[in-house]
1. Rounded to two decimals, what is Rg over Rh for region B:139-182 when you use alpha-carbon atoms and the Kirkwood radius?
2. Rounded to the nearest angstrom and ordered from largest down, what semi-axes does the equivalent ellipsoid of region A:90-130 get from its C-alpha gyration tensor (root of 5λ)?
3. State the Cα centre-to-centre distance between region A:77-135 and region B:50-94 in whole Å.
4. Give the order of A:Thr122, B:Thr159 when sorted by the count of other beta carbons within 10 angstrom, beginning with the fewest.
5. Note the full-extension length gain between B:Asp169 and B:Glu187 as 0.36 nm times their separation in residues minus their Cα-Cα distance, in nm to one decimal.
6. Just to check I understand the Karplus step: with θ = phi - 60° and J = 6.51 cos²θ - 1.76 cosθ + 1.60, what whole-Hz values come out for region B:88-103, glycine and proline as x?
7. Fewest to most neighbouring Cβ within 10 Å: what's the order for A:Val161, B:Val3?
8. What are the residues whose amide H is under 5 Å from the amide H of A:Ala156, where those residues sit 5 or more places off or on another chain and H is modelled from the backbone?
Amino acid sequence: MSQTSRGSRIVEGLLHVASVSALFLAFSLGLNARVSTWQGDFSLPNPHEIQRERGSDSVARQFQQSEPGRSPANAPKPVLADGTPVRLKFVRAVVSSRVIAGEKLPLEVVEPVFAGKLAAITQHSAEEAIVTMAQAGRSMGRGGGMQFKIENIRLADGELVPVRAVKDVKGGENRALALTGEAGIAAGFAFWPVSPLGFLIYVKGNNATIPAGTEITAYIVGDFPLDPSRFQDAGVVPQERSAPK
Amino acid sequence: MTVVQKMSIALLMVLMVTRFVQAQETTATPPSSSTASDADGKQRSEGETRKRLEQLACGPSGVHFSHHTEKGPQALPEQPPDKGLIYVLRTKGLEGAAVQVKLAMDGKWVGVNGMGNYFYVEAEPGPHYFCVKAALDKPGLLSLVIEKGKTYYLRQNLTMGGTDIDLLDEEKGKQYVAKYSRSSFEEKHKK
């Protein structure tokens with residue numbers, strides 16, 4: 001009996017502590033929300049925000065989200081604007097003689113993309129390019145070629161947004177042969193196998209090659225409003241980025 | 001059971017165990033090149049890629065076409081909105097005047113050109129694989145993602161160094177088609 005009453009007292013005590021904690025948590029969250037709104041409205045952008053603005057005409061529009069006098073509830077959603085650049089790099093080297101059209105090439109986001117204070121696209125996230133044309137080095141010393149495109153970029157919340165990015169890479173010609181031109185070909189034909197030109201015509205051109213780490217910029221197509229609840233606030237991200245290596 | 005029979009059975013068992021162990025080893029540790037290739041298809045060697053592309057692109061051997069050039073002005077096809085239109089042309093040059101140059105798409109021979117000829121094919125949007133072959137030369141290969149509503153110009157390029165297929169820009173391609181004559185061909189069946 002005494003054990004039962006002791007148990008119920010413990011439960012009551014826990015409930016009391018829980019309710020006080022919940023009240024304290026709600027109060028502190030409300031205070032933080034107010035503080036963050038104030039920072040967005042009136043403070044000058046910090047150095048991280050200035051860095052984010054570099055090379056992006058969309059950020060100006062993104063900051064319009066927090067006009068003074070508007071409450072957070074009816075403020076417009078932050079927007080990932082049309083034309084926002086996304087810097088990407090090739091994870092590994094690509095050679096035109098080793099890929100086939102339709103295959104995917106791994107890419108990595110070089111720097112994060114922000115929409116207002118939200119990290120819309122995170123650094124180091126994996127993306128893909130699609131090979132649209134591939135050709136190995138050709139005969140007569142003519143170079144190969146490779147074209148690829150990036151259709152979508154994955155946002156931090158997993159949603160895909162369309163981008164435009166096309167790259168055309170050509171392999172170099174074999175100059176020793178290229179300089180000979182049609183006259184060289186004719187001479188090679190006439191004097192083969194005596195003339196060294198006769199052998200030169202069998203020289204293959206170089207493959208088109210993209211070294212690992214090569215950067216390419218894709219641009220967002222269309223305006224994309226973001227749901228702030230699904231993205232990390234940028235205020236947290238810079239601390240992680242500036243950690244000593 | 002004689003000693004010879006016992007020894008034979010023992011030998012057979014040893015052989016079977018050896019085969020089994022070898023099979024397990026093969027499954028567990030495949031050659032590094034095929035592992036890379038199977039894993040993501042990007043680490044293939046140049047030779048492996050060429051072989052794969054030949055399988056995808058070139059038609060069977062032993063297929064021949066009878067060919068002639070159509071005379072007079074030819075009406076060009078309309079661009080289908082839901083497909084790609086591909087012109088295949090062969091420029092005039094020094095080499096192989098009497099040689100026919102075949103083109104295969106996705107493992108099937110689709111046409112042949114003489115010098116200063118062209119023909120066209122339609123293709124569904126998506127990746128397609130092209131193979132150009134003349135006589136005994138090594139085939140020229142190209143892979144291309146076709147988009148709907150777009151026109152492509154491929155040139156069969158026969159040189160003394162081999163046979164190639166080039167993707168031309170639209171302006172150049174249109175110029176060639178305007179001044180060249182259309183090919184007419186039919187697959188020859190051996191009786």
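Read-outs throughout are calculated quantities, based only on the coordinates presented, and are distinct from any laboratory measurement. Since we're looking at a predicted model, the values are computed, not measured. FYI the Cβ positions are ideal-geometry reconstructions off the backbone, even for glycines, and counts take in every protein chain you see.
1. 1.00
2. Sorted largest first and rounded, they come to 28, 9, 6 Å.
3. 35
4. If I rank by nearby Cβ atoms, fewest first, I get A:Thr122, B:Thr159.
5. 3.5 nm
6. 10, 10, 10, 6, 7, x, 7, 9, x, 4, 8, 9, 7, 10, 8, 10
7. B:Val3, A:Val161
8. A:Ile121, A:Thr122
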